[in-house]
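Some notes on the structure that comes next.
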Amino acid sequence: MTYVLLIVGFVLLIKGADYFVDGASKIAIALKISPLLIGLTIVAMGTSAPEATVSIVAALEGSAGVAVGNVVGSNIFNITFVVGLAAVIFPLTVGSETIRKEIPFTLLASVALLILISDVSLQQMDGNHLTRSDGFILLLFFAVFLYYIFEVARKDRKNTQNTENPSTEKAKWGKNTLLTVGGLAAIIFGGELVVSNATEIAISFGMSETLVGLTIVAIGTSLPELITSVTAAIKKENEIALGNIVGSNIFNIFFVLGLSSSISPFAIEGTIFIDILLLIVITLILLVFSRTNYKVGKVEGGLLAVIYIAYMVYIIIRN
């Protein structure tokens, strides 16, 4: 039965992502805003729902390692494997605004997190913590990001209000909303089925719970981003594919960790600093790749995927 539920989970993920991307892209057209903005907001926040749920519940239960590790691990997976696989399938075109603003905002999120948890190095305290005040700072950054998104959306609509193609069909709001919401629900439920049943299978094969948490659970909560971005790449919806990842990473740090630590402050383990430093480095690598002909090509995508595989080997050895 476990194997059957695992297959059902994957089917829900794949079909859900198909409907989700279709609905989201049509809503973007109907609202006269770019698919990138939809990717940065609706799609990004929707696919980050598993990370948000896991980290907030972990914070309430006092499991700091799960809360922070889940977000950092998911962000690393998103930038390396998800972007890499999507680019291998179809090279991702990167807009100038994404290079100049959105990717640097992702970098800012990682650097801000590193600074806020460096209590021992910067304030000579006995331990590193993500405090309630740190959480409020992260949420403030998230509010600034939302303001930026709303301003871009407003300008986007203003620039396109007189350029609508007369042959464009009138938006079928009910159908598109149903596709988007239903697709997202299938993604989240499918992801839960995959994570829980894959974990059960892995433990039955003798894997430790710690190793399962660092591999299957971390990857499992990022399955919505993976399936959505790969589906978007196949459909040649480049802006949704990349916007989903950039938006998800910003959302994960600023909102998920911000809200989690605001609810319940927690101590930070020393080993997580290596992972956050890696996250900063690979974000810089993504920025450099994006500046190369304004796209992430197949070779760059392959390299990003290889980086994640090497990281997984390192994590298994470390633990």
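The values are calculated or read from the model by the stated rules, or taken from the named source; none is laboratory data. All of these numbers come straight from a predicted model, not from anything done at the bench. Cβ sites come from the backbone with ideal geometry, for glycine too, and all protein chains shown count toward neighbours. Ligands, DNA and RNA are stripped out before the accessible areas are found, and what is left, the full protein with its side chains, is counted by its heavy atoms. Shrake-Rupley method; radii C 1.70, N 1.55, O 1.52, S 1.80 Å.
Quick one: length gained pulling residue 284 to residue 115 fully straight, 0.36 nm per residue minus the C-alpha distance? Working shown, then result.
Working: separation 169, 0.36 × 169 = 60.84 nm, distance 1.71 nm.
Here the answer is 59.1 nm.
Could you give log10 I(q)/I(0) at q = 0.16 Å⁻¹ for the stretch 2-160, computed by the Debye formula over C-alpha point scatterers of equal weight, without solvent?
-1.17
What do you get for the angle between helix 238-250 and the principal long axis of the chain? Use alpha-carbon atoms, 0 to 90 degrees, nearest ten.
The answer is roughly 30 degrees.
Expressed in nm to one decimal, what extension gain is obtained for the pair residue 144 and residue 14 from 0.36 nm per residue of sequence separation less their Cα-Cα distance?
Working: separation 130, 0.36 × 130 = 46.80 nm, distance 3.33 nm.
Between residue 144 and residue 14, full extension yields an extra 43.5 nm.
By how many degrees, 0 to 90 and rounded to 10, does the Cα axis of helix 298-318 deviate from the longest principal axis of the chain?
Relative to the chain, helix 298-318 is tipped by roughly 20 degrees.
For the chain, with every protein chain kept in place, what is the accessible area per residue (1.4 Å probe, Å²)? Please list the in-between numbers first.
Working: 14430 Å² over 319 residues.
Result: 45 Å² per residue.
Mind checking the dipole of the chain: about its Cα centre, +1 per Lys or Arg Cβ, -1 per Asp or Glu Cβ, Debye to the nearest 20?
Values: 19 positive and 22 negative charges, 243 e Å.
Dipole magnitude for the chain comes out near 1160 debye.
Computed over the Cα atoms, what is the radius of gyration of the stretch 179-319 divided by 2.2 N^0.38 Å, N being its residue count?
Details: Rg = 16.8 Å, N = 141, 2.2 N^0.38 = 14.4 Å.
Relative to the 2.2 N^0.38 Å estimate, the stretch 179-319 comes out at 1.16.
Using a 1.4 Å probe over the heavy atoms of the protein chains, calculate the carbon and sulfur portion of the accessible area of the chain as a whole percent. Don't skip to the end; give the middle numbers.
Details: 9850 of 14430 Å².
Solvent-exposed carbon and sulfur of the chain make up 68 percent of the total.
Using only the alpha-carbon atoms, how far is helix 223-234 inclined from the longest principal axis of the chain? Give it as 0 to 90 degrees, nearest 10.
Once rounded, the angle reads 30 degrees.
Would you check the chain for Lys pairs whose C-alpha atoms are within less than 15 Å, ignoring same-chain pairs closer than 8 in sequence, and give me the count?
12
Can you pull the percent of Cα pairs in the stretch 34-78 with separation above 16 Å? The partial results should precede the final answer.
Values: 433 of 990 pairs.
For the stretch 34-78, the share of Cα pairs beyond 16 Å comes to 44 percent.
Just to compare against my own numbers: the Cα pair-distance distribution for the chain, 20 Å bins, whole % per bin, please.
Whole-percent P(r) values from 0 Å outward: 33, 59, 8, 0.
Going by amide H atoms built from the backbone, whose H comes under 5 Å of the H on residue 266, apart from near neighbours?
Counting only residues 5 or more places away or on other chains, the set is 130.
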